[in-house]
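K.L.:
Quick one: the structure is below, and I'll ask about it shortly.
The values are calculated or read from the model by the stated rules, or taken from the named source; none is laboratory data. The model shown is predicted, which means the values in this text are computed figures rather than measured ones. Cβ coordinates were reconstructed from backbone atoms using ideal geometry, including for glycine residues, and neighbour counts include every protein chain displayed.
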Amino acid sequence: MASKNQTLGEFIIENQSSFKYSSGELSRLINSIRLAAKVVNHEVNKAGLVDIIGAAGDTNIQGENQQKLDVYANEKFIHTLTNRNIVCGIASEEEDDFITINSQDENHQNKYIVLIDPLDGSSNIDVNVSVGTIFSVYRRITPVGTPVKLKDFLQKGSQQVAAGYIVYGTSTMLVYTTGDGVNGFTLNPAIGSYYLSHPNIKFPENGSIYSVNEGNYIHFPQGIKNYIKYCQKEEDNRPYTSRYIGSLVSDFHRNMIKGGIYMYPKSSKNSNGKLRLLYECNPMAFLAEQANGKASDGFTRIMDIAPTELHQRVPFICGSKNMVIKAEEFMFAAK
Ligand code: P6P
């Protein structure tokens with residue numbers, strides 16, 4: 001049983017046996033993410049002080065300006081995961097293709113792959129708004145001992161063995177699941193340890209916060225427009241409050257604690273929405289469902305979507321179960 005103020009290290013050891021693949025490798029994987037997060041946190045927290053912010057000049061496969069901190073975070077997570085000799089492959093929002101990790105004994109014995117958005121919400125870096133890292137972990141499906149293949153990365157979200165995020169906010173938190181609930185750990189920067197601050201987090205089944213970029217309203221599907229008007233109607237416990245940080249991890253985290261719904265729908269500008277299925281929507285959907293929430297594209301459970309490409313986008317509706325159900329009702333009614 002988790003006890004408050006337990007360190008992340010103690011928690012991992014205590015709960016390792018409950019993880020059905022408990023071989024210690026996943027624990028070492030979570031530990032390596034913990035380490036990389038501390039290093040990235042240090043840079044994020046001083047971003048305004050050194051010339052590490054601002055566009056790196058390059059653009060990534062998303063066609064977005066790569067902020068230097070994006071590049072830095074990407075390099076740190078890839079370096080840490082590679083050096084710990086734990087994974088056999090990595091896919092990242094900042095990398096055009098997946099990376100094959102040749103295990104130090106060159107025989108690809110590692111059985112986990114990681115997909116990562118190293119610094120989500122990076123457009124907020126220059127304005128001192130919280131950003132986050134999102135990660136998703138699978139067991140490979142191609143034979144151990146061979147180089148990973150694309151199919152190892154194109155698994156449904158329901159096959160994830162772990163997922164989580166780090167939110168670099170007013171405090172730095174690591175929130176993750178291995179399929180046995182969601183737990184949040186807060187970093188004590190003075191000693192560099194994470195402490196269990198939010199054991200067994202659950203989405204309130206109902207909420208009164210909706211998060212969506214209403215600047216895109218005229219481009220939304222009619223079902224989303226109708227749901228937004230429902231949220232704004234003076235009736236029952238509505239109108240709801242609108243909160244939109246522009247950083248998925250922060251909006252998700254607030255909604256999970258307080259209750260709420262986050263939406264990034266498709267639009268006439270983004271025909272499949274903006275968010276990436278593999279390293280944004282699937283990990284957040286795994287966390288949502290483990291916290292008694294719900295995640296869909298408006299019609300289909302996110303973790304049932306069969307991926308077809310590494311950087312594919314999907315419409316994303318996620319949060320308190322009854323709010324997502326209501327939004328889906330509006331989507332089906334307008335179909
Ligand atoms: P928009 C950040 O770029 C991100 O991927 C999410 O973290 C965030 O919720 C969304 O995009 C913001 O996008 O188009 O509203 O600025």
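K.L.:
Can you find a residue in the range 100-114 that is within 16 Å of the ligand (Cβ to nearest atom) and either in the same structural domain as residue 244 (by TED's automatic domain parsing) or buried (at least 23 other Cβ atoms within 10 Å of the Cβ) (or both)?
P.N.:
No, there is no match, as no residue in the range 100-114 is within 16 Å of the ligand (Cβ to nearest atom) and either in the same structural domain as residue 244 (by TED's automatic domain parsing) or buried (at least 23 other Cβ atoms within 10 Å of the Cβ) (or both).
K.L.:
Out of curiosity, is residue 176 modelled with pLDDT of 95 or more, aromatic (Phe, Trp, Tyr) and within 30 Å of residue 332 (Cα to Cα)?
P.N.:
no
K.L.:
To continue, here is another question. Hey, any hits in the range 198-220 for a residue that's of a type in the set (Gly, Ala, Ser), under 25 Å from residue 9 (Cα atoms) and part of a loop (DSSP other than H, G, I, E, B)? If you could, list the steps in order and put the result at the bottom.
P.N.:
Going through the range 198-220, the residues of a type in the set (Gly, Ala, Ser) turn out to be 207-208, 211, 215.
Now restrict to residues that are under 25 Å from residue 9 (Cα atoms): none.
Looking through the range 198-220, none of the residues is of a type in the set (Gly, Ala, Ser), under 25 Å from residue 9 (Cα atoms) and part of a loop (DSSP other than H, G, I, E, B).
K.L.:
Can you confirm whether the range 262-273 contains a residue that is at pLDDT 95 or above, in a helix (DSSP H, G or I), buried (at least 19 other Cβ atoms within 10 Å of the Cβ) and within 13 Å of the ligand (Cβ to nearest atom)?
P.N.:
No, every residue in the range 262-273 fails to be at pLDDT 95 or above, in a helix (DSSP H, G or I), buried (at least 19 other Cβ atoms within 10 Å of the Cβ) and within 13 Å of the ligand (Cβ to nearest atom).
K.L.:
Oh, and also: Quick one: residue 219 ticks every box in (1) crowded, with 17+ Cβ neighbours inside 10 Å; (2) in contact (Cβ under 8 Å) with a residue 40 or more places away in the chain; (3) within 16 Å of the ligand (Cβ to nearest atom) except a single one, so which number is it?
P.N.:
Of the numbered conditions (1) crowded, with 17+ Cβ neighbours inside 10 Å; (2) in contact (Cβ under 8 Å) with a residue 40 or more places away in the chain; (3) within 16 Å of the ligand (Cβ to nearest atom), the odd one out for residue 219 is (1).
K.L.:
Looking at (1) among the aliphatic types (A, V, I, L, M); (2) more than 19 Å from residue 331 (Cβ to Cβ); (3) more than 12 Å from the ligand (Cβ to nearest atom); (4) in contact with a strand residue (DSSP E or B) (Cβ under 7 Å, 6 or more places away or on another chain), can you tell me which one residue 224 breaks?
P.N.:
For residue 224, the failing item is (2).
K.L.:
Please find, among 282, 255, the residue that is in contact with a Ser or Thr (Cβ under 6 Å, 6 or more places away or on another chain) and assigned to a helix (DSSP H, G or I).
P.N.:
282
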